[in-house]
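The structure under discussion appears below in the form of structure tokens.
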Amino acid sequence: MTGLMLGAEAPDFTLRDQFGQDITLSGFRGTKAVLLLFYPYAFSGVCTGELAGMRDRLDEFLTFDTEVLGISCDPVYSLRAFADTEGLNFPLLSDFWPHGAVTSAYDVLDPSRGVPRRSSYIVDRDGTLRWAVHNANPDGRDLDEHLAQMRALV
């Protein structure tokens, strides 16, 4: 599914979070590894469940050396409502416009639906892609595996 190669430089991006603030991936370079969570839809059943799971375990994922970023093609205002409703206390980034540009750069855009596939990437402190997993959209992520992969890098 993905044309990105592990060991290659991660495509850089700047996207707005649920508060309208710009977040740039390369801004973490040299300081933090980043877990990118691409998900199809705010407020959908599986996405809500897995992002709530991330919220509940965020202290395990976030350290001085790591960051978690959720990415969907939902508009910023929907992400704000989603974060507020579900108590999601990590950045949710909007790849709404140009529609799916970052999602496409990571080769996880489902062109028939205009949404990201349920995919995850870990970018190390040097900006290199170190791990990826792609789940079928009905299947939630294995957060234990994600955590093990993050811990292996730091």
When only residues in segment 138-154 that are in contact with a helix residue (DSSP H, G or I) (Cβ under 7 Å, 6 or more places away or on another chain) and either free of Cβ contacts under 8 Å to residues at least 60 places away in the same chain or more than 15 Å from VAL34 (Cα to Cα) (or both) count, which is least open to solvent (accessible area, probe 1.4 Å)? ARG141
Go through (1) touching an Asp or Glu at 6+ places or on another chain (Cβ under 6 Å); (2) without any contact (Cβ under 8 Å) to a residue 60 or more places away in the chain; (3) aliphatic (A, V, I, L, M); (4) in a strand (DSSP E or B) for ALA42 and report which single condition fails. (4)
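State whether one or more residues within segment 19-39 are closer than 16 Å to GLU86 by Cβ, assigned to a loop (DSSP other than H, G, I, E, B), open to solvent by less than 60 Å² (accessible area, probe 1.4 Å) and not hydroxyl-bearing (Ser, Thr, Tyr).
Restricting attention to segment 19-39, the residues satisfying the condition of being closer than 16 Å to GLU86 by Cβ are 19, 37, 39.
Then keep just the ones that are assigned to a loop (DSSP other than H, G, I, E, B); that gives 19, 39.
Cutting the leftovers down to open to solvent by less than 60 Å² (accessible area, probe 1.4 Å) gives us 39.
Add one more test, that the residue is not hydroxyl-bearing (Ser, Thr, Tyr), and what stays is none.
No; the residues of segment 19-39 include none that is closer than 16 Å to GLU86 by Cβ, assigned to a loop (DSSP other than H, G, I, E, B), open to solvent by less than 60 Å² (accessible area, probe 1.4 Å) and not hydroxyl-bearing (Ser, Thr, Tyr).
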Within segment 1-18, which residues are in contact (Cβ under 8 Å) with a residue 60 or more places away in the chain and out of contact with any helix residue (DSSP H, G or I) (no Cβ under 7 Å at 6 or more places or on another chain)? MET1, THR2, GLY3, LEU4, MET5, LEU6, GLY7, ALA8, GLU9, ASP17
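The values are calculated or read from the model by the stated rules, or taken from the named source; none is laboratory data. Here the structure is a predicted model, which is why all the values come from computation and not from measurement. Ideal geometry is used to build each Cβ from the backbone, glycine not excepted, and the neighbour counts take in all protein chains shown. We work out accessible area using only protein heavy atoms, side chains counted, and drop any ligands, DNA or RNA first. Shrake-Rupley method; radii C 1.70, N 1.55, O 1.52, S 1.80 Å.
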